[in-house]
Structure formats: C-alpha cells, structure tokens
1. Taking other Cβ within 10 Å of each residue's Cβ, how do 165, 125, 81 sort, fewest first?
2. Quote the FRET efficiency, to the nearest 0.05, computed for residue 75 versus residue 37 with a Förster distance R0 of 25 Å and r equal to the Cβ-Cβ distance.
3. Roughly how many debye, to the nearest 20, is the charge dipole of the chain about its Cα centre, given +1 on each Lys and Arg Cβ, -1 on each Asp and Glu Cβ, and no other charges?
4. With the crude spin-label approximation of a point 7 Å out along Cα→Cβ, what separation in nm comes out for residue 18 versus residue 118?
5. How many percent of all Cα-Cα pairs in region 87-188 sit more than 19 Å apart?
6. Report the FRET efficiency, 1/(1 + (r/R0)^6), for residue 130 and residue 187, where r is their Cβ-Cβ distance and R0 is 41 Å, rounded to 0.05.
7. Springs between alpha-carbon atoms under 10 Å, Gaussian network over the chain: tell me which of 112, 40, 13 tops the mean-square fluctuations.
8. Select from 169, 18, 118 the residue whose mean-square fluctuation is largest in a Gaussian network model of the chain (Cα-Cα springs shorter than 10 Å).
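The numbers here are math on the coordinates, done by the rules we state, and not lab data. Just so we're clear, the structure is a prediction, and the values are computed from it rather than from any experiment. We place every Cβ from the backbone using ideal geometry, glycine too, and count neighbours over all the protein chains shown.
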Amino acid sequence: MNLIIFGPPGAGKGTQADFIVKKYNLFQLSTGELLRSEIKNKTELGIKISSAINGGSLVSDDIVKKLVEIFISNEKYKDRLIFDGYPRNLIQAKTLNELLRQHNQKIDLVLKLSVSLDIIKKRILERRTLEKRSDDSEEIAIKRYKTYEKSTEPVIEYYKKLNLLKVIDGERSIDQINKEISDIISLI
Ligand code: AMP
C-alpha cells in the first residue's frame, strides 16, 4: 500500500503519519525532510537549494522528482510509502503516477486531514504557551495555512476525481482519528 497524506500545518499530520507508519510498517517519505538533510550535510544539491528553502519558495520539480525516484525504485520500499509534502502541484502529481507505474506500483489512498483555520489558530496559541516556540505566531500560522490551501487544492481535486481521496475530520481526538484511518485502510 502506498498513500499520500495532506494536511495544513498544525493539523496533526505528523502524529497521524507516525501512527500509520508504525501500524502498517510503512516508510514516511517527507520531501521537506530529505531536502533539509541535504542542506545540513552541505551536499552539492544542498547548496543549490538552500536559498529556495530558506526563502520559503518551492524547489524545482526535477530536483524533487530525483529524490522521490530513489525511494520508488528501491525494492525495500516497494508498496510501503507514505508521501508527505509531495506532490505539491499537478505536475508533481502526474510525475508521481508515472514513476509509480514504471515500478509497477500505484497510489492506493489519499488522506486529507481537514482542520479549520480557527482551530489551527487555537492549537498554535496553546502550543506557544506550552513550548514557547518562536515560529508559532498567529500571523505566521494564518499565512502558512492560506499557502497550503491555495497550493494543494488543485492536487486534492485531482485525487478526488480519481476516487482516491478520503477527507478526515482532524478536529477530533487523536484516538478517534487513528480509528477512522484504520477503518479506511481496512477497506482497501
Ligand atoms: P515541508 O517540510 O514539507 O514544509 O517543506 C519545506 C520546504 O521544502 C518547502 O517550503 C519547499 O521549499 C521544499 N519542498 C518540500 N517538498 C517539496 C516539493 N514537493 N516540491 C518542491 N519543494 C518542496
């Protein structure tokens, strides 16, 4: 089983992805994390992409494609991938389909964790009180939420048309969401 998980920052995507990875023995492929580790290790690629990442813009589709292909072509991860942060646009969604097809795989399920902006703001403010994180301001939260909505909307629509999309109400408890995800997965 290969799946994609979508959700705005603060939706609990990390928590749910961890749960799915452990329960179904999958591998979480986060393009953001892969890119950040290239920068940290000061690789040739890392140097090339650092300004795009630090400036908050997207890295080129070609670069991300190469990184993703390394995992899709590896037998170790065959039918065990959970894509996080990828695809980010329609070109990437089509590229992903093609790469998977070349390696006799497909996307089996697309999960979208749906959480309203009001709840995200509340969670971020709570987290700020608890963890004192400097990036947890309301203003930044709103900006990241709107960017997420705008950029992923066409991609989500694409998967909806393919009948692969399941929208999960992300405003409930972690356990309730875990259960709903397990129920959905048990049906595929
Ligand atoms: P994330 O951790 O998913 O929020 O990604 C952090 C940063 O990595 C983004 O702001 C982009 O600069 C870059 N990035 C991650 N995934 C992609 C992608 N699929 N396409 C292009 N850039 C990406």
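1. Details: 165 17, 125 14, 81 23.
With the sparsest Cβ surroundings first, the list reads 125, 165, 81.
2. Numbers: r = 22 Å, r/R0 = 0.89.
The pair residue 75/residue 37 has a calculated efficiency of 0.65.
3. Here the chain has a charge dipole of around 140 debye.
4. Each label point is offset 7 Å from its Cα along the Cβ direction, giving 2.9 nm.
5. 57 percent
6. In this case the efficiency is close to 0.65.
7. Of 112, 40, 13, the Gaussian network model singles out 40 as fluctuating most.
8. Residue with maximal mean-square fluctuation among 169, 18, 118: 118.
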